[in-house]
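Asks: Dropping a structure here in structure tokens format, bear with me for questions.
The values are calculated or read from the model by the stated rules, or taken from the named source; none is laboratory data. Quick caveat: nothing in here was measured; it's all calculated off a predicted structure. Cβ atoms come from the backbone with ideal geometry, glycine included; neighbour counts cover every protein chain shown. The area values use the complete protein model at the heavy-atom level, side chains included, leaving out ligands, DNA and RNA. Shrake-Rupley method; radii C 1.70, N 1.55, O 1.52, S 1.80 Å.
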Amino acid sequence: MTNTGIDERASRRMGRADLHVHSRYSDVTGSLRFLRSRDCYSSPLDVYLTAKRRGMDIVTITDHDAIDGWRELMDQRPDADDILPGEEVSCRLPDGNIDVHLGVYGITERLHSEIQPLRRNVFDVMARLNESRTFFALNHLLHFYREQAPLETYLRLLSAVPALETRNGAMLEAHNALAERLSREWRGDRPPMACVAGSDAHTLRRIGRTWTEAPGRTAAEFLASLSAGLGRPGGRHGGPAAVAGDTYGVIARYVASVYGRGPRDHVGWHRAGCAFLIVALVPVQFMPAVVAAVGKSRERRAVAAAIETLAAWPRTAASWPAAAAEPQP
């Protein structure tokens with residue numbers, strides 16, 4: 001069969017997947033932990049049904065440092081071949097002690113357990129993932145970068161990952177465009193990095209609005225295509241409205257849980273205290289929108305600063321200082 005014939009067959013079998021989605025197993029948010037607010041309240045089955053209704057052929061759940069979401073989904077749909085096990089692994093970059101999130105696909109329960117003790121050093125996690133030949137991507141590139149280390153030190157991460165999230169449905173278009181540019185140019189004359197994209201949805205509202213398209217109608221076929229670098233980003237970029245909408249959605253589900261509708265995360269005096277706080281904070285209910293706007297303004301400045309720094313480096317990507325350097329743990 002000619003290459004053209006193979007391409008035509010592949011194009012007829014193109015599938016879509018939102019590769020960055022959370023469920024209620026993303027657990028307690030890192031902000032104000034005493035409130036016991038989860039990062040997301042969506043059930044795995046609701047995530048699956050919403051994704052399918054919006055045209056996703058493959059469904060994954062990438063909870064923070066947890067695999068219970070896709071495990072529950074597989075228990076509910078044991079014969080499904082369209083569920084891709086995933087996890088968003090939270091790590092630290094030792095230089096500057098910077099948070100780094102990796103989207104891991106095709107992860108197993110054993111591998112999940114093995115990488116948990118390694119998360120203090122992202123290079124240790126990446127080494128184990130590479131050793132196991134597990135496909136993974138660096139998520140929302142500059143999201144946690146606050147110039148804790150020189151940009152070239154931070155971007156050493158790009159030399160150690162097989163893929164980059166080049167479209168995140170909560171990130172600005174300029175941020176995603178920079179990630180896509182780096183995925184093409186960072187390796188110089190070598191093949192570009194693989195690309196993934198996803199909504200980063202923490203409610204059902206944005207699931208399937210940002211996606212990755214690649215050949216494959218089953219999870220196994222789709223993952224093989226991602227690993228081969230055949231993924232292409234599609235769908236919406238983000239902005240203040242996307243972030244604020246998710247925040248208000250999570251808050252609404254949190255309030256419901258405090259008043260007994262949803263997971264029983266609050267009992268006794270803790271529940272009473274949270275109920276009082278909810279009422280007391282009604283006058284400042286505009287704050288999540290303000291925080292989202294301020295955050296996106298900061299993101300816009302960070303992206304502009306990164307572009308300016310990159311422009312001062314040699315024009316050929318192959319000679320970029322971080323691209324030529326081997327990452328050191």
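Asks: For ALA177 and MET14, what is the calculated FRET efficiency with R₀ set at 30 Å and r taken between the beta-carbons, to the nearest 0.05?
Replies: With R0 = 30 Å, the Cβ-Cβ based efficiency is 0.80.
Asks: Assuming R0 = 30 Å, what is the FRET efficiency of ALA224 and ARG53, from their Cβ-Cβ distance, to the nearest 0.05?
Replies: 0.70
Asks: Which loop-located trypsin sites (Lys or Arg not before Pro) does the stretch 98-127 contain, where loop means any DSSP state but H, G, I, E or B and the Cβ has at most 15 other Cβ atoms within 10 Å?
Replies: Taking the stretch 98-127 and a limit of 15 other Cβ atoms within 10 Å, the loop trypsin sites (Lys or Arg not before Pro) found are ARG120.
Asks: Take the Cβ-Cβ distance between GLU131 and TRP313 as r, set R0 to 25 Å, and report the resulting FRET efficiency rounded to the nearest 0.05.
Replies: The pair GLU131/TRP313 has a calculated efficiency of 0.20.
Asks: To continue, here is another question. Which order do you get for TYR254, TYR25 if you rank them by accessible area with a 1.4 Å probe, largest at the top?
Replies: TYR25, TYR254
Asks: Taking square-rooted eigenvalues a ≥ b ≥ c of the alpha carbon gyration tensor, is the stretch 119-204 rounded, prolate or oblate, where a/c under 1.5 means rounded and, failing that, a/b exceeding b/c means prolate?
Replies: rounded
Asks: LEU155: accessible area at probe 1.4 Å, nearest 10 Å²?
Replies: Here the accessible area works out near 0 Å².
Asks: For the stretch 130-181, which GluC sites (Glu not before Pro) are both in a DSSP coil and crowded by at most 14 other Cβ atoms within 10 Å?
Replies: Here the sparse-neighbourhood loop sites are GLU147.
Asks: Which listed residue (ALA219, MET171, VAL161) has the Cα farthest towards the positive end of the charge dipole for the stretch 71-222, taking +1 on Lys and Arg C-beta and -1 on Asp and Glu C-beta about the Cα centre?
Replies: Towards the positive end, the residue furthest out is MET171.
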